[in-house]
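Data block below; observations after.
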Amino acid sequence: MRDNKRIGYVDAIRGLTMLLVVYCHVEYYCYDISFVHTICGMLFVHFRMPMFFFISGFIAYKAVEWTSEHYGKMMKKKAIVQIIPTVFFFYLLNCACNGKPLDTFFVKCPGGYWFTLVLFYMFTIYYTTMYATKRCKGYVSDIALVVIAIGGAVAYGIGVRQGDPTLGIHPLLCFDQLSRYFEFFAAGILCRKYFNSFERIISHDVTKTILLLGFVGCSIIAWHHHLDKKSLMIMLNYEYLVRYMGLFLVFMLFHHYRLYFDSEHWLAETMRLVGRHTLDIYVLHYFLLPKMPMLRSWAFHNDMVILEMTVTILLSILIIALCLLLSRIIRSSNFLGHYLLGAKIRKKL
């Protein structure tokens, strides 16, 4: 039976987001083109990572007492889930591709595995903030998270304007991605904490209309490459408006059809399955991305959108299916499943 503590439509959102991550990586790594050069890639790239971090924050929130014991327990758990798999699979991938993993760790790490490190940093900030403000009123932690998020967004904006989003900080700390996306993680926490109010807002017909029309309009503006990317208004649209419109639109749609995504229909069950194994798919899919530069030319032709989407989605689904198969094999070992994929250790019968 399915874990009753999980929210079906939230797992389904994670499943969709994982599909979009693989989709964009297929275009980037397999076709050797930037996903911003295709209509589908440009459409999906706006909200896939913000959606991932928003849902991660949404799930992260728990109304618990932040004792020293609980803080240490949660930090240890996240270190096992995020740090160990990142280091192991980064080494393994570099060994398979370059044969020299040791001399690339501090130079190129985390590479494609930046997401898991950034997520660990976000959890660290969140847990530390909650622990530090445990004796304060509830809104103090909310204000702290908002201030940190705004500070990160400002730092990222300054870095972009200066041509260096990392601000010279070592790539291992992924400061550019952390400062860029923490606001979405914090938004997920606050939306979960005040879910009753959030649910009323996204269920209102005016909100649905604004999200639908707003996302289409903002996406059209973002698609025009000839617009000045140095323009403040264009940057605000690309980095904020279209991203928030996209992630709230997706959340609204899945929430609206939540009874379906919580049902036993094969598509709903499949999306939930993928959503419950996002770490597995993320760390494994890099090994399964085939080089297919021969598809580069037709993917560039924006009048072939249906063909591009069909082929890329099918290839993405195949890669995800293989990742789930490898996941089952790895999880057959309690030890490997726990330390490489974050699975709970199964008790012996």
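Among residues of segment 63-88 that are more than 17 Å from Y282 (Cβ to Cβ), those with a beta-carbon under 7 Å from a residue that is open to solvent by 50 Å² or more (accessible area, probe 1.4 Å) and of a type in the set (A, V, I, L, M, F, W, C) at least six positions away or on a different chain give the pairs H70/V64. Within segment 24-64, the set of residues being within 11 Å of the chain's Cα centre (by Cα) and outside any helix (DSSP H, G or I) comprises F47 only. When the test is whether a residue is open to solvent by 40 Å² or more (accessible area, probe 1.4 Å) and either of a type outside the set (S, T, N, Q) or touching a Cys at 6+ places or on another chain (Cβ under 7 Å) (or both), A132 passes it.
Looking at segment 302-312, which of its residues are part of a helix (DSSP H, G or I), open to solvent by 50 Å² or more (accessible area, probe 1.4 Å) and touching a residue at least 60 places away in the same chain (Cβ under 8 Å)? Once the filter is applied, which keeps residues that are part of a helix (DSSP H, G or I), open to solvent by 50 Å² or more (accessible area, probe 1.4 Å) and touching a residue at least 60 places away in the same chain (Cβ under 8 Å), segment 302-312 yields only M309.
Checked against the criterion of being assigned to a helix (DSSP H, G or I), at pLDDT below 90 and on the phi < 0 side of the Ramachandran plot, segment 119-137 contains not a single residue that satisfies it.
Going through segment 286-301 one residue at a time, which ones are at pLDDT below 65 and open to solvent by 60 Å² or more (accessible area, probe 1.4 Å)? Result: F300, H301. Applying the criterion of being open to solvent by less than 30 Å² (accessible area, probe 1.4 Å) and more than 19 Å from Q82 (Cα to Cα) to the residues of segment 316-349, the residue that is modelled with the lowest pLDDT is S316. Counting the residues of segment 165-198 that are of a type in the set (S, T, N, Q), open to solvent by 10 Å² or more (accessible area, probe 1.4 Å) and part of a helix (DSSP H, G or I) gives 3.
For segment 238-277, residues that are under 24 Å from I33 (Cα atoms) and open to solvent by less than 30 Å² (accessible area, probe 1.4 Å) total 4. Every test in (1) charged (D, E, K, R); (2) at pLDDT below 90; (3) closer than 26 Å to L247 by Cα is passed by E65 save one, and that test is (3). Among the residues of segment 107-114, at least one is exposed (fewer than 15 other Cβ atoms within 10 Å of the Cβ), at pLDDT below 90 and farther than 18 Å from F58 by Cα.
Can Y91 be described as aromatic (F, W, Y), modelled with pLDDT of 90 or more, part of a helix (DSSP H, G or I) and open to solvent by 20 Å² or more (accessible area, probe 1.4 Å)? When the stated conditions are applied, Y91 does not pass them.
Residues in segment 22-58 that are over 15 Å from R243 (Cβ atoms) and among the aliphatic types (A, V, I, L, M) were compared, and the one that is modelled with the lowest pLDDT is I39.
The residues of segment 147-164 that are open to solvent by less than 60 Å² (accessible area, probe 1.4 Å) and under 21 Å from L119 (Cβ atoms), listed by number, are A149, G151, G152, A153, A155, Y156, G159.
The values are calculated or read from the model by the stated rules, or taken from the named source; none is laboratory data. Because the structure is predicted, anything quoted here is derived from the model rather than measured. Reconstructed Cβ throughout: ideal geometry from the backbone, glycine too, with neighbour counts over all protein chains shown. Each accessible area value is taken on the protein alone, full model and side chains, heavy atoms only, with ligands, DNA and RNA left out. Shrake-Rupley method; radii C 1.70, N 1.55, O 1.52, S 1.80 Å.
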